[in-house]
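Worksheet for the structure shown next.
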Amino acid sequence: MQKEFDNLKDILTFEKQNLEMAIYDCDKFSSLCNEKDVELKAALSEKRSIEMRLPKLSSQGSKKTIPKELVDANNQVFEKIHEELKARSMLRTAEETKKRHLSEKSSLEAKIVELE
């Protein structure tokens, strides 16, 4: 019985460490998502700026450069969105891991209380 109790304590300690790592990862990914949000807003602002210059450029007769500028701006925005989606996916995974570890911790604590 004591051996099982010690084993459960060791498992609980391990799960607490895993939980701490999951919380750290979750915080790190939240921070990354916030950074990506800022970058995305900046890219969207840049895109709007280019789109607003579009009529001015077309009236100046530089029609060949407009599509390239617009395509480049759109590509940058799409790249930022893609990075944002990857970061959010990683955050969701970290949050799910954190929840799982919390559940396992509660279960192990209940078993320890039961054995005591």
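The values are calculated or read from the model by the stated rules, or taken from the named source; none is laboratory data. Since we're looking at a predicted model, the values are computed, not measured. Ideal geometry is used to build each Cβ from the backbone, glycine not excepted, and the neighbour counts take in all protein chains shown.
Remarks
- Test for Lys41: is it of a type in the set (Lys, Arg) and either modelled with pLDDT of 80 or more or touching a Ser or Thr at 6+ places or on another chain (Cβ under 6 Å) (or both): yes
- Restricting the stretch 1-60 to residues that are closer than 28 Å to Ser89 by Cα and among the aromatic types (Phe, Trp, Tyr), the residue that is surrounded by the most Cβ atoms within 10 Å (Cβ to Cβ) is Phe29.
- Cβ-Cβ contacts under 8 Å between residues 6 or more apart (or on different chains), taken from a first residue in the stretch 4-17 that is more than 17 Å from Ser103 (Cβ to Cβ) and in contact (Cβ under 8 Å) with a residue 40 or more places away in the chain to a second residue that is part of a helix (DSSP H, G or I) and of a type outside the set (Phe, Trp, Tyr), are listed as Glu4/Leu115; Phe5/Ile112; Phe5/Leu115; Lys9/Ile112.
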